[in-house]
1. Checking Gly216 against (1) part of a helix (DSSP H, G or I); (2) on the phi > 0 side of the Ramachandran plot, only one condition comes out false. Which one?
2. Provide a single number: the residues in the range 280-301 that are in contact with a Pro (Cβ under 7 Å, 6 or more places away or on another chain) and within 12 Å of Ser261 (Cβ to Cβ).
3. I'm trying to understand the selection: among the residues of the range 268-304, which are of a type in the set (Lys, Arg) and either at pLDDT below 95 or on the phi > 0 side of the Ramachandran plot (or both)?
4. Here are Met107, Met89: which of them is closer than 27 Å to Arg315 by Cβ, surrounded by fewer than 17 Cβ atoms within 10 Å (Cβ to Cβ) and either touching a residue at least 24 places away in the same chain (Cβ under 8 Å) or among the hydrophobic types (A, V, I, L, M, F, W, C) (or both)?
5. Take the residues in the range 168-204 that are in a strand (DSSP E or B) and among the β-branched types (Val, Ile, Thr); name whichever of them is surrounded by the most Cβ atoms within 10 Å (Cβ to Cβ).
6. Which numbered condition trips up Val82, out of (1) touching an Asp or Glu at 6+ places or on another chain (Cβ under 9 Å); (2) not in a helix (DSSP H, G or I)?
7. Counting only residues that are hydroxyl-bearing (Ser, Thr, Tyr), closer than 20 Å to Ile306 by Cα and open to solvent by 30 Å² or more (accessible area, probe 1.4 Å), how many does the range 125-150 have?
8. On the given criteria, is Leu256 of a type in the set (A, V, I, L, M), modelled with pLDDT of 95 or more, within 30 Å of Asp32 (Cβ to Cβ) and open to solvent by less than 70 Å² (accessible area, probe 1.4 Å)?
Amino acid sequence: MSGMTPSAASLYDRVQRVIPAIEWPVFSDDIDAILKLKRERNAVILAHNYQTPEIFHCVADIVGDSLALARKAMEVEADVIVLAGVHFMAETAKLLNPAKTVLIPDMRAGCSLADSITPDDIRLLRQRYPGVPVVTYVNTSAAVKAESDICCTSGNAKAVVESLGVPRVLMLPDEYLAQNIAKQTDVEIIAWKGHCEVHERFTPEDIREMRAAHPGVTVLAHPECPPEVVAEADFAGSTAAMSDYVGTKKPSRVVLVTECSMSDNVAVEHPDVEFIRPCNLCPHMKRITLGNIRSALGRNEHAVTIDPAVAARARLAVERMLAV
């Protein structure tokens with residue numbers, strides 16, 4: 001948001017296709033207050049693609065998938081980073097910006113995937129598979145990253161796995177992501193039984209029903225979906241890859257098989273594309289609101305801290321990923 005500072009009133013045009021006018025007054029006071037607080041505190045807001053449009057398009061300075069946020073967090077010159085997303089993302093921002101204040105608006109914004117594995121689990125896996133590198137999805141705690149050799153995202157997982165030059169890897173904790181990547185590489189992938197509570201709910205029948213109800217629809221699926229769902233889709237990729245697909249291919253009618261708010265956020269940029277919206281909400285992402293972003297900035301609430309010894313090891317795993 002460069003140049004003249006926008007106001008809530010001027011920002012409504014950006015989101016009018018996805019936020020009814022009657023709802024806008026509920027958001028406008030918080031938006032104006034947040035824009036003011038950002039200037040006063042030299043703060044930036046990083047927002048994941050699953051945030052609601054009034055956050056994503058009206059107060060965020062940097063938006064994207066988890067990889068984009070991790071990369072761009074390193075370039076931020078602000079004193080304060082507010083992470084509009086879930087806890088592991090805020091931890092990653094803190095890992096890469098140890099001298100900055102990183103705030104998360106709600107400490108309860110967790111992740112079923114991150115909760116599915118512990119550092120002890122990885123230590124036991126290393127005993128069971130000695131010498132096999134551990135590739136850990138960024139959707140994990142800093143403590144889990146610290147036990148890993150390298151991190152990956154859904155966007156770069158194949159490249160990370162193949163960069164290691166080994167015949168097999170442990171890929172944790174998303175079982176479906178691991179299975180979907182295994183189909184694209186000759187590297188043997190040993191998976192963990194973690195799942196995303198949003199993506200695991202989609203079924204092949206859902207896809208077939210959407211195609212029947214909306215003839216000609218293009219189906220884009222996230223690789224955290226079960227492999228049989230990905231097999232039914234026209235394309236599978238990270239949230240960034242899905243957004244790029246819509247922008248470059250311009251399908252007349254599309255469905256994004258992922259979290260609800262993603263469709264709203266991409267639709268704002270592509271008024272000529274019809275979006276079919278199957279709705280699986282992430283309850284953790286939806287804990288982040290304009291109200292608690294305003295409160296976090298105003299009261300310096302919920303600063304993210306990481307034990308320095310854990311942070312040093314976790315940072316190494318993330319930096320190795322960013323170097324691929």
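The values are calculated or read from the model by the stated rules, or taken from the named source; none is laboratory data. Remember, predicted model here, so these are calculated numbers, not experimental data. Neighbour counts run over all protein chains shown; Cβ positions are idealised from the backbone, glycine included. Surface areas here come from the heavy atoms of the whole protein model, side chains and all, with no ligands, DNA or RNA. Shrake-Rupley method; radii C 1.70, N 1.55, O 1.52, S 1.80 Å.
1. Of the numbered conditions (1) part of a helix (DSSP H, G or I); (2) on the phi > 0 side of the Ramachandran plot, the odd one out for Gly216 is (1).
2. Residues in the range 280-301 being in contact with a Pro (Cβ under 7 Å, 6 or more places away or on another chain) and within 12 Å of Ser261 (Cβ to Cβ): 1 in total.
3. Arg277 - this is the single residue of the range 268-304 that is of a type in the set (Lys, Arg) and either at pLDDT below 95 or on the phi > 0 side of the Ramachandran plot (or both).
4. Met107
5. Step one: of the range 168-204, the residues in a strand (DSSP E or B) are 168-172, 174, 188-191, 194.
Retained after the next criterion (residues that are among the β-branched types (Val, Ile, Thr)): 169, 189-190.
Numbers: Val169: 26, Ile189: 20, Ile190: 17.
Step by step, filter the range 168-204, then rank; the result is Val169.
6. Just one mismatch for Val82, condition (1).
7. Taking the range 125-150 as the starting set, the residues that turn out to be hydroxyl-bearing (Ser, Thr, Tyr) are 129, 136-137, 140-141, 148.
Next, from what is left, pick out any that are closer than 20 Å to Ile306 by Cα: 136-137, 140-141, 148.
The next check asks that each one be open to solvent by 30 Å² or more (accessible area, probe 1.4 Å); those that pass are 141.
Of the residues in that region, 1 qualify.
8. On the way: of a type in the set (A, V, I, L, M): yes; modelled with pLDDT of 95 or more: yes; within 30 Å of Asp32 (Cβ to Cβ): no; open to solvent by less than 70 Å² (accessible area, probe 1.4 Å): yes.
Considered against the rule, which asks whether it is of a type in the set (A, V, I, L, M), modelled with pLDDT of 95 or more, within 30 Å of Asp32 (Cβ to Cβ) and open to solvent by less than 70 Å² (accessible area, probe 1.4 Å), Leu256 comes out as no.
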